[in-house]
Structure formats: C-alpha cells, structure tokens
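Bear in mind these aren't lab numbers, they're just calculated from the coordinates by the rules spelled out. Predicted, not measured: the structure shown is a model, and the values here were computed from it. FYI the Cβ positions are ideal-geometry reconstructions off the backbone, even for glycines, and counts take in every protein chain you see.
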Number of protein chains: 2
Amino acid sequence: MAKAARKKRPPTKKKASRPLPADISTEEKIMQAAKKLFTKKGFAATRTRDIAEEAGINLALLNYYFRSKEKLFDIVMLDNFRQFIKGVSVSLLDETASFDEKIKKIVTAYIDFITHHPDLPLFILNEIRGNPSRLVQQISAEVAPLRAHMFRQLQEAGKQGKINPIDPFHFIANLIGLTVFPFVARPLLQRVTGVSDQQFQAFMEERKELVPLWISAIMHSKK
Amino acid sequence: MAKAARKKRPPTKKKASRPLPADISTEEKIMQAAKKLFTKKGFAATRTRDIAEEAGINLALLNYYFRSKEKLFDIVMLDNFRQFIKGVSVSLLDETASFDEKIKKIVTAYIDFITHHPDLPLFILNEIRGNPSRLVQQISAEVAPLRAHMFRQLQEAGKQGKINPIDPFHFIANLIGLTVFPFVARPLLQRVTGVSDQQFQAFMEERKELVPLWISAIMHSKK
DNA sequence: TTCATTTTTAATCATTTGATTAAAAAACTT
DNA sequence: AAGTTTTTTAATCAAATGATTAAAAATGAA
C-alpha cells in the first residue's frame, strides 16, 4: 500500500524575510554542546542525550535542527578542522615576515591555540583516520593553497643555499611533531617525566622559543 | 523472597593438573580478535558481537571467558601498553651501546615496530586520556626503571659537556615526537603533502637515519 | 484578537547492544 | 560405557540509545 510518505517539516528553513533571533540561538546552543562533547569523547562515545542535556534542551530538538547524530557530527568536525587550520594560515600567509619569522609565528600560534583547545588535535587525528569521506576531501581542498604557498617558500629558501634541501614531508612532520605532539601525548609525557600541569605549561612556553631554534638547527645540520 | 544467588560457574579456572589445550585456544582467539578491533576502533565503537564474529565464536563465550567487555578491554589495553614499551626498553637497557647508538636503536626499533602495528600509538594516546585508572598507574610503575635509566644517561652526557643541558621533558618529547608522530598523523600528513603510501614508507625509512642526526643537531645547537 | 508558522516538549518506538540463561555438545575421568 | 566437568550454543532479556510523533507553547503577522 503506497503509504504517502509523510513529508517531514523542513527544519530550520529560516524565513529570509526576517532577521534571526539574534541572541544565542537554540541551534547555536546545540552546536556548542555537541562540539564540546564530540571533541572530548569522540563520535561513538557521545550520546545524543548528553548533548541535549549539555545544551539544556529537549532531545527531539536536536533531531529537529540537525536531522541526525551523524549530520551534527559532520558539522562539528568541519568546524573544528577549519579552526585548526586557521591558526596556521594566518601566520603562513603573512607576506611581510621572513621564513624564520613565519615559523616562529606558527609555533607560537599553535601552542597558544591548543592550550585553549586541548582536545582538538587528538580529535582531528582520530576522526581523520576513519573518514576517507567527502568531509576530509573538502578539508584537503581548503588546505591546498596553504600547502602550495609553504612549498614554494621552502624551495626558495633551499635555492638560496640558506638551508639544506629538506623534503616538505619531513619539514611539516618535524614542525607539527615538535609543536603539537607534546599536547597529544601530554598525559603520557607527564607520567613518564613526572611533570606537573603547571610545569607542562612552562615547558610549552619554552618551546615557543626552542622549537624554531631546533627547526633551524635541523635545517642547517649537515647531511 | 531471598532468591538464593545463582552462583555462576567460575570461568576458565584451568585444572592445574592437566596441560592446556595447547593449540590456539578459544580464549586466545577472543583476545586476538578483541585486540584487533579495540585497537583499531577504540572501546566505545567496538561491539562485543563484532569481536565474537571476528573470533568465530558465539557471543556468550566472550562473556563466559572474560565476564564483561570492560574486563576484556582492560586486558587488551595492558597487553598493548606492554608491547609498546618493550620496544624501547630493549634498546634502552643495552649497556654496551653509546648514547648516540642507543638513540639510533630506539628510533629504528620504534619505526619498525609501529610499521607493523600502525594503530597502536593512537590507541594508546586515546585510552590513556580517559583513564586515570589503576591501569595507567600500573603502566607508570613498569616504566619507572626505564625512565630513571634514561635520565641518568642524559645527565651524564650533559656533564661531559658533549651536549647542551636539555630537560628530559624536551628530550623525550622531541624523540617520540619526531619518531612516532608521523605515524599518528599519517593520514593528515599524506593528504597535506600529497604523499603515497609507498612514499610514506620510504620517508620513514629515511627518518631512521635522519631523526638521530636531528636529535644530535638539536642537542648541539647553541641556546 | 485571530490565525498561521515556528519552536519546543513529553511520550513512545525500534533497534542496537551488553549480558544471562538453560540446555546441548564436547572433553575428560573412572 | 557411565558419569562428571568443561566448553559452546541458541534464545532471550534488559537497558541504552537514536529517532519519531503528536500535541502544546511561543512567536509573529493580519
């Protein structure tokens, strides 16, 4: 029997004619709650009920606005990625800075940024793994111009003989590894080295200076 | 009504009098399946049914042998940790090797090891975060002697004026960061740098030589 | 106000999932 | 072989969980 598909009321089709509620909208509340929980615990370990409670709304509202847990997650993930990339792109595209200055800016920016969003890196590393999807594809597209720019700079610096020719792969692995990895491995590192929370922060402050120095040392070390 | 608590038959209390089944026991099959899935997808995203299927046994058997998903996970996790640590400890405790040689051995050992267990590092970084539990405590205890040994070596090398005095925190963060991080961030790195699977392996082979060189350069760079 | 539309809720559904049970099958002892 | 214990299974349970529904409340337009 042809069950006339009950057309669901389209959610959140804002009447273009009138301005938004302006204040902290319900949709935004849900997004923020979802971001907080998804980022901290990952997709599978996060319950939609927890998100609803964190947002202070009814569970049905979540589905009303976002249709499904997956959809909501995709949005949060994309948002997280963009934020993560933005940190680097600003410094990277600053044409007035020298290569060394750029590195220093990137390192500082990332350390500051992750200090305020400590769960982000691991979230991204996790979710990028299980997702060969369009999401990741989209991210790649957004990163492309940045990559091109950095590669060019690397090549120029290499040609001027200032530094060793180093493959971009190694360069980026080193830069991000030295900067981001301590945050990702923080619980492990603190256990193994017996470092307190306060000390950890101090060490990361130190690294703002040290990592650029080390990167430089690496690129001037003789093969 | 006092329902006389149905005493559950104690699982897997092997009669000590007779040797084990010897071949690949059911218990072992379950362990291996659980390890594979837990390590790849984490605790929350892994279903006990999937483990049972992967092991080719009935779901009830899993609970018969291990009582609960949590218990099984704890066992797998401890096992994974030990394996991860073992890689380093062998190289580290080799008294015949010089400091530089040790570093080279550690880097090579880790790169080889993780190449064959690519999901392990991220698993550990994930599970150590949400687990301030006795599990992590136990790990710490097992790592302690290694840490002490490495610290002593670092201090000695520093006193001999061969290298800059470098805090153990920075040293370990650098060593592991440069060695392990590329694997953890592999999908991201490959996307950003446009590197193929084959090329990635080649790069990691290169790093067996390069990372020790870089570590050396870092420790000889002037403050 | 009245009416239409949007937003929110309580209640419920359907499926998934960890766990248990009772009984069958297999292994071992005598 | 008979009896005992261990191992394995099919069936089922109970709780958790993502999603939907129908109706109420709020909002804005006329």
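The overall shape of the stretch B:24-67, judged from the alpha-carbon gyration tensor, is prolate: a/c is not under 1.5, and a/b is greater than b/c.
Any idea what angle helix A:120-129 forms with the longest principal axis of chain A, computed on alpha-carbon atoms, 0 to 90 degrees, nearest 10? Orientation of helix A:120-129: about 80 degrees from the principal axis. When the P(r) is computed for chain B, the part past 31 Å accounts for 38% of the Cα-Cα pairs. Can you list, shortest first and in nm, the gaps between the label point of A:GLU53 and those of its counterparts in the other copies, using a point 7 Å from Cα in the C-beta direction? Computed spacing set for this position: 3.1 nm.
Projected label points at B:GLU28 and A:GLN160, each 7 Å from Cα along the beta carbon direction, are separated by 6.2 nanometres. What's the angle, to the nearest 10 degrees (0 to 90), between helix A:69-92's Cα axis and the longest principal axis of chain A? For A:69-92 against chain A, the angle is about 30 degrees. Placing a label point 7 Å from the Cα of B:GLN199 along the Cα-to-Cβ direction, the distances to the matching points in the other copies come to 4.1 nm, shortest first. Please say if the protein assembly as shown is rounded, prolate or oblate, where rounded means a/c under 1.5 for a ≥ b ≥ c the square roots of the C-alpha gyration tensor eigenvalues, and otherwise the choice is prolate for a/b larger than b/c and oblate otherwise? In terms of gyration-tensor shape, oblate. In this calculation the C-beta distance from B:GLU101 to A:GLU95 is compared with R0 = 35 Å, giving a FRET efficiency of 0.20. Can you grab the distance from the C-alpha centre of the stretch A:190-223 to the C-alpha centre of the stretch A:57-90, Å, no decimals? Value for the Cα centre distance between the two parts: 33 Å. In the stretch B:75-220, taking the dipole from charged Cβ atoms about the Cα centre, the farthest positive-side position among B:ILE172, B:LEU120, B:PHE84 is held by B:ILE172. Rounded to the nearest 10 degrees, the angle from helix A:99-116 to the longest Cα principal axis of chain A is 40 degrees.
Each stretch of four or more DSSP H residues adds -39500 (n - 2.57); spread over every residue of the protein assembly as shown, this sum gives -23500 deg cm²/dmol at 222 nm. Protection proxy ranking of A:122-131, B:114-123, B:175-184, B:194-203, by the mean of other Cβ atoms within 10 Å over each peptide's residues and highest first, is B:175-184, A:122-131, B:114-123, B:194-203. For the stretch A:97-185, the Cα-based Rg and Dmax, in that order, read 14.7, 41 Å. Distances between copies at B:ILE75, taken between label points 7 Å from Cα along the C-beta direction, are 4.3 nm in increasing order. Legend: residue pairs B:LYS102/B:LYS208; A:LYS104/B:LYS159; A:LYS36/B:LYS35; A:LYS36/A:LYS69, Cα-Cα distance threshold 21 Å; pairs beyond threshold, A:LYS104/B:LYS159; A:LYS36/B:LYS35.
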